[in-house]
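K.L.:
Starting off with a structure, shown below.
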Amino acid sequence: MSDVDDPRSMKERMLAGDWYVADDAELEEAYFRAVDLTTAYNATTAREKDRRSELLRELLGAVGEDTAIRPPLQVDYGTQIRVGARTFANFGLVALDVAEIVIGDDVQIGPNVQLLTPIHPLESGPRRDKWEAAKPITIGDNVWLGGGVIVCPGVTIGADTVVGAGAVVTKDLPAGVLALGNPARVVRDLD
């Protein structure tokens, strides 16, 4: 995994989707920035709608109009998260954006949902040496993720799909279906 001839920074390697080590000073600073902003965001009250919006726009890569994310929110960097218009995320969203996370328009996200892009080596040596990589997550328009859903690295969920509470999505889901379970599987088409 280590390539001593690779001239790229660890951040450049991370953004390219390649193996990298996160204890790089540039990545650490980006993480601290995200922690500072999420701490401020999570400390706001429901009455501070304008302040929440301002902090969210500073933290995330893009935020659509009339989108609401209820605190607490946890991210790795924030800058690799793009959220469409009119999307709602309930309490406790964890969005680990080592790779890009794209959330469409009109998405409903239940409480305690996890969007997890990082992957780690199966081999013990590189894992002990803290190598990691990531795969992007894409959530289509008008998707509903029930409470406690976990979306794994590299997954795309098609538009208009519903994922039942507690499901673990390990593979892509097509548009317009209901998926349940661990691992999540399609149980029927939705009209």
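K.L.:
Run the dipole for segment 75-132 about the Cα centre, Lys and Arg Cβ at +1, Asp and Glu Cβ at -1, nothing else charged, and hand back the magnitude in debye, nearest 20.
P.N.:
Result for segment 75-132 is approximately 120 debye, rounded to the nearest 20.
K.L.:
Please report, in Å, the Rg and the Dmax of segment 93-175, where both are computed over Cα atoms only.
P.N.:
Final numbers for Rg and Dmax: 13.4, 43 Å.
K.L.:
Report the one residue of VAL168, ILE137, PRO121 whose Cα lies farthest in the direction of the positive end of the charge dipole of the chain (charges on C-beta: Lys and Arg +1, Asp and Glu -1; origin at the Cα centre).
P.N.:
Result: VAL168, furthest along the dipole toward the positive end.
K.L.:
Using only C-alpha positions, report the orientation-averaged shadow area of the convex hull of the chain, nm², one decimal. All intermediate terms of the calculation are to be shown ahead of the outcome.
P.N.:
Working: hull surface 44.4 nm².
Projected area, direction-averaged: 11.1 nm².
K.L.:
Could you tell me the distance between the Cα centroids of segment 28-92 and segment 127-174, to the nearest Å?
P.N.:
Taking the Cα centre of each part, segment 28-92 and segment 127-174 sit 19 Å apart.
K.L.:
If you don't mind, another one. Net charge within 12 Å of THR161 by Cβ-Cβ distance, Lys/Arg positive one each and Asp/Glu negative one each, not counting THR161 itself?
P.N.:
Numbers: positive: ARG188; negative: ASP141, ASP160, ASP172, ASP189.
That works out to -3.
K.L.:
What number, rounded to the nearest 500 deg cm²/dmol, is the helix-based mean residue ellipticity at 222 nm of the chain, given -39500 (n - 2.57) per DSSP H run of at least four residues and division by all its residues? Please report the intermediate quantities before stating the final value.
P.N.:
Details: 4 runs with 40 residues, N = 191.
Value at 222 nm, helices only, nearest 500: -6000 deg cm²/dmol.
K.L.:
If you don't mind, there's one more thing I want to ask. When only alpha-carbon atoms count, how far does segment 4-51 stretch along each of its three principal axes, as whole angstroms with the largest first?
P.N.:
Extents along the principal axes, in whole Å: 52, 17, 12.
K.L.:
Tell me, what is the per residue accessible area of the chain in Å², probe radius 1.4 Å?
P.N.:
Each residue of the chain exposes 52 Å² on average to a 1.4 Å probe.
K.L.:
Which whole number in µm²/s is D for segment 37-97 by Stokes-Einstein, with the Kirkwood Rh taken over Cα pairs at 4 °C and 1.567 mPa s? Please report the intermediate quantities before stating the final value.
P.N.:
Values: Rh = 11.3 Å.
Answer, rounded: 115 µm²/s.
K.L.:
Going through segment 98-151, which trypsin sites (Lys or Arg not before Pro) have at most 16 other Cβ atoms within 10 Å and a DSSP loop state?
P.N.:
Working: sites: ARG127, ARG128, LYS130; in loops: LYS130.
Counting only loop positions with at most 16 other Cβ atoms within 10 Å, the trypsin sites (Lys or Arg not before Pro) in segment 98-151 are LYS130.
K.L.:
Cα to Cα, under 18 Å, and not fewer than 8 places away if on the same chain: which lysines meet these conditions relative to LYS130?
P.N.:
The qualifying lysines are LYS11.
K.L.:
Moving to a separate point now. Can you give me the orientation-averaged projected area of the convex hull built on the Cα atoms of segment 145-185, in nm²? Intermediate results must be reported in sequence, preceding the final value.
P.N.:
On the way: hull surface 8.9 nm².
Taking the Cα atoms of segment 145-185, their convex hull projects to 2.2 nm² on average.
K.L.:
If you don't mind, there's one more thing I want to ask. Got a number for carbon plus sulfur as a percent of segment 84-191's accessible area, 1.4 Å probe?
P.N.:
The C+S portion of the solvent-accessible surface of segment 84-191 is 55 percent.
The values are calculated or read from the model by the stated rules, or taken from the named source; none is laboratory data. Just so we're clear, the structure is a prediction, and the values are computed from it rather than from any experiment. Positions of Cβ are generated from backbone atoms using ideal geometry, with glycine treated the same way; all protein chains shown enter the neighbour counts. For the accessible areas, the whole protein counts, side chains as well, though only heavy atoms, and no ligand, DNA or RNA atoms are used. Shrake-Rupley method; radii C 1.70, N 1.55, O 1.52, S 1.80 Å.
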